[in-house]
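**Q** One structure, as structure tokens, below. Some questions next.
Taken together, the values in this text are just the output of simple stated rules run on the coordinates, not laboratory data. Every value quoted in this text rests on a predicted model; they were computed, and no experiment measured them. Here the Cβ positions follow ideal geometry from the backbone for every residue, glycine too, while neighbour counts run over all protein chains shown.
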Amino acid sequence: MKYFIIAGEASGDLHASHLMRELKKCDKEALFTFFGGDLMAAEGGTLLKHYREMAFMGLVPVLLNLHKIKQNFKLAEQKLLEFRPDVLILVDYPGFNLRMAEFAKAHGIKVYYYISPKIWAWKKKRVHKIKKFIDELFTIFPFESEFYSKYDYKVRYVGNPTIDELSRRPNQEQTYNEFIQKNNLSQKPIIGLLAGSRQQEIMRILPVLSEVSLQYPEFQFVIAGAPSQDKTIYDNVLGNVSIPVVFDQTYDLLKQSTAALVASGTATLETAYLNIPQVVCYKVELGIVGVFFKKYIVKIPFISLVNLIGGREIVKELFQFDCTVEKVSCELTRILDEKAYREAMLTGYAEVMEKLGGPGCAERAAILMFRLLNDK
């Protein structure tokens, strides 16, 4: 069969590449044409546009690159009609992908969506487009099934790709001594700092976390460097505060940490999987506007995936004006010193992992997609 896949970001490239690998196991005659990245290209097929030429985040970058975005749409539409796939598979990236779904349906092409847009957090009106233009939606969070059922739309939960990544991560047997020797660290216990992946996130969150580090001389704080950032970003933010940065070792760092200070996002789930107590720290732009946005626009009770999946407060979330040196330090001290509090968090993690299920997300999705396409 012929598969046209659109992934517009690095994470989409990763997840789509795993899906392609599993589809090839199901379908020995699989042909791929796609918008994506190097990981997808490594699985074979034709790369039409790299996600680096598509990933425009924020109002100003979008406005400045409108002509490029229009060109990307035209290319996708043209190549879709030329290729005439058995199915168009969309991976997250809703601004672009929902428009492509509408175009595909208008031309009689079946549309599958792998990894739902986070419309349960905001822009809920997009659910109507999904119902109208998406033939099958494959979700990665268990609570999404309940969300979509309110709109009389059945989805297929296939598990979470983060669990897949963590279950097959390298260096799982690495010891603490091996890790600190590799990175020229001291013997002190480690507090991991995961300050986000984007430059603006790091610049907002890391100054708070670096000040917190000065209050715990008995620990060494270590930053998980984002692969998309250069070390100079961290040096500029840290100034006179000396905190080592390790790149391409986030899972290794977390595994060897006593606790972690984590920016909201997938990292909170990764930290929970590795059973490391954490404080969720997050700041957005525009101060009070960010608070208003969270309270009135983002219609979800929590900002961390751990709490969203658990359906209750398992980890403390310190958002915006609560993300201060004093409050972060207070919460960190609790998870370091109060055994019962720490154990309650770990019990909550176990509940989350049980809800997510085991690894095999891409495999389950591929088998289901192939079966559905053959039942047409």
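**Q** Check ALA16 against each of (1) surrounded by 22 or more Cβ atoms within 10 Å (Cβ to Cβ); (2) touching a Ser or Thr at 6+ places or on another chain (Cβ under 9 Å) and name the one condition it does not meet.
**A** The one condition ALA16 does not meet is (2).
**Q** A follow-up question, please. Restricting attention to the range 100-117, does a residue exist that is crowded, with 20+ Cβ neighbours inside 10 Å and acidic (Asp, Glu)?
**A** no
**Q** May I pose another question? Can we say ARG364 is among the basic types (Lys, Arg), in contact (Cβ under 8 Å) with a residue 40 or more places away in the chain, assigned to a helix (DSSP H, G or I) and under 30 Å from LYS2 (Cβ atoms)?
**A** yes
**Q** Run down LYS154, LYS125 and say which single residue is closer than 21 Å to PHE370 by Cα and of a type outside the set (Gly, Ala, Ser).
**A** Being closer than 21 Å to PHE370 by Cα and of a type outside the set (Gly, Ala, Ser) holds for just one of LYS154, LYS125, which is LYS154.
**Q** LYS188 fails exactly one of the following numbered conditions: (1) closer than 20 Å to GLN278 by Cβ; (2) out of contact with any strand residue (DSSP E or B) (no Cβ under 7 Å at 6 or more places or on another chain); (3) of a type outside the set (A, V, I, L, M, F, W, C). What is the number of that condition?
**A** With respect to (1) closer than 20 Å to GLN278 by Cβ; (2) out of contact with any strand residue (DSSP E or B) (no Cβ under 7 Å at 6 or more places or on another chain); (3) of a type outside the set (A, V, I, L, M, F, W, C), LYS188 is out only on (2).
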